[in-house]
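Student: Sharing a structure below in structure tokens format, with a few things to ask.
The values are calculated or read from the model by the stated rules, or taken from the named source; none is laboratory data. Note that the coordinates shown come from a computational prediction; the quantities given were computed from them, not determined experimentally. Note that we place each Cβ from the backbone using ideal geometry, even for glycine, and neighbour counts take in every protein chain shown. With ligands, DNA and RNA removed, areas are computed over all heavy atoms of the protein, side chains included. Shrake-Rupley method; radii C 1.70, N 1.55, O 1.52, S 1.80 Å.
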Amino acid sequence: MSALRIALAQTNSCVGDLAGNSRLVRRAVDEAAGAGAEVVVLPEMALTGYPIEDLALRGSFQQAADDRLARLAAELADDGHGDVTVVVGTLGAAEDSRPTNLAAVLHD
């Protein structure tokens with residue numbers, strides 16, 4: 001049986017800094033993948049920062065977080081880490097549009 005190497009990556013995200021937090025995620029994934037990790041798990045709200053409080057209620061911020069998550073997935077693939085499974089915390093929305101925590105799984 002082969003082993004599965006999982007990395008728990010701690011980042012110091014800044015509330016609302018989607019671009020900066022994406023850079024932190026990319027750096028953490030690059031470091032973990034370089035050490036042989038096949039799965040990298042990041043903290044709650046790693047992409048949006050925590051606590052986001054009233055930012056979570058803004059539709060424009062919800063959309064920006066969704067857009068940034070898609071861009072992050074593409075950037076990780078461009079970085080050569082498409083084969084690494086990345087679990088990153090971000091902002092989601094319930095069916096009634098209430099903000100929720102979301103664990104997004106990025107792969108390929």
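Student: Excluding ligands and nucleic acids, what accessible area in Å² is computed for Thr100 using a 1.4 Å probe, to the nearest 10?
Tutor: Estimated to the nearest 10 Å², Thr100 gives 50 Å².
Student: What number comes out for accessible area per residue over the chain if the probe is 1.4 Å? Units Å², please.
Tutor: Working: 6230 Å² over 108 residues.
In whole numbers, the chain has 58 Å² accessible per residue.
Student: For the chain, what D do you get in µm² per second when you plug the Kirkwood radius from alpha-carbon pairs into Stokes-Einstein at 37 °C and 0.692 mPa s?
Tutor: Once the numbers are plugged in, D ends up at 236 µm²/s.
Student: Contact order normalised by length for the chain, with contacts defined as Cα pairs under 8 Å and 6 or more residues apart; what percent is it?
Tutor: Working: 197 pairs, mean separation 30.3, N = 108.
Here the relative contact order equals 28 percent.
Student: If you wrap segment 65-108's Cα atoms in a convex hull and average its projection over all directions, what's the area in nm²?
Tutor: Numbers: hull surface 11.9 nm².
Hull-based average projected area comes out at 3.0 nm².
Student: Quick one: what are the phi-derived ³J(HN,Hα) couplings along segment 66-74, Karplus 6.51/-1.76/1.60 with θ = phi - 60°, whole Hz, x for glycine and proline?
Tutor: Values per residue, Gly and Pro as x: 4, 5, 5, 4, 4, 5, 4, 4, 5 Hz.
Student: Please compute the modelled spin-label separation between Ala3 and Arg23, points set 7 Å along Cα→Cβ, answer in nm with one decimal.
Tutor: The two pseudo-label positions are separated by 3.4 nm.
Student: Using a probe of 1.4 angstrom, how much of the accessible area of segment 37-84 is carbon and sulfur, in percent? Intermediate results must be reported in sequence, preceding the final value.
Tutor: Working: 1160 of 2370 Å².
Carbon with sulfur: 49 percent of the solvent-accessible area.
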